[in-house]
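A short worksheet on the structure shown next.
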Amino acid sequence: MRYAVLVTGPAGAGKSTFSTAFATHLRVSKRTAHIVNLDPAATGDAFEYQPAIDIRELVTLDDVMGEMNMGPNGGLVFCFEYLLENMDWLEEELGGFDDDYLIIDCPGQIELYTHHPFLPQLVRNLQRMSIRTCAVYLLESQFMEDRYKFFSGVLSAMSAMVNLEVPWINIMSKMDLVSGSSSDTFEPRNGKRGKRDIARYLDPDPMLLVAARDGRDQQRGNSRFHDLNRAIVQLIEDHPLVSFLPLDLTSTDSLETVVSHIDFTMQYGEDEEPKEPHDLDEGDFADME
């Protein structure tokens, strides 16, 4: 059985960094993992490991923009349309991997996840190839600095979940930039927060959007703005689909927790047959055959 994890989320959320740390963790655990790059705009130094499969070998954003006079967003859409038209290339590239973990690093353009059909079609092709698939959606902790921005991230995660229709895990990345203790001597970039306050973001509390606590809110007296907020609150309360796992890549335990959730989501290893240890045919075990 082959497994694929789509690493999705907005630009700057830490997808490539997470993909590298994920692959490293699996390899240290004696598991076979490969990075698949699906970002045609990725730079040469984006990955610590050389991707086993790279969409840039098929098409690059720079070539599309130069030859077809497209902008970056239109060029990226064209790249994915071209990939879907050449799925035989991807199927051939994937053919050499068996019982492996494929970590698919996706671009940071939100529209690819929320309303374009490209990734859902890609998922269906992966499933047709008997690759068990799930997705993770990374949202960086900086979103907690502005609750309106945070809930826009919650809604984008919800939209992507509905669009892709695969087992899904939301991750709050870069939690090492947030302090959960008022006793910490350093000032984290994304602020000091109590554990109860952080929990209201990891399991989104719609009441964060209702409460007006800063001067900027007092200036937003437009009734339609507040009506929209109430409608969003009602939507999140009626459909509590989104919650986040905290990810601090400086903590091995934090990464292990995320990996164990991904394994559980995809039921990793449940269909595997027991494998004979490599050393049964040598040394002290040679006479057992």
Worksheet entry | Highest-first arrangement of 112-118, 93-99, where packing means the average Cβ count within 10 Å | 112-118, 93-99
Worksheet entry | Most to least packed among 102-109, 53-60, 124-131 [average Cβ atoms within 10 Å] | 102-109, 53-60, 124-131
Worksheet item: Sorted by mean Cβ packing within 10 Å, highest first, what order do the peptides 225-231, 134-140, 200-206 take?
Response: 134-140, 200-206, 225-231
Worksheet item: What residues qualify as long-range amide H neighbours of Phe244, i.e. H under 5 Å apart, gap of 5 or more or another chain, H built at 1.01 Å from N?
Response: Asp203
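Every number here is computed from the coordinates shown, using simple stated rules; none is lab data. This structure is a prediction, so every number in the text was calculated from the model and none was measured. With ideal geometry, Cβ positions are generated from the backbone for all residues, glycine too; neighbour counts draw on all protein chains shown.
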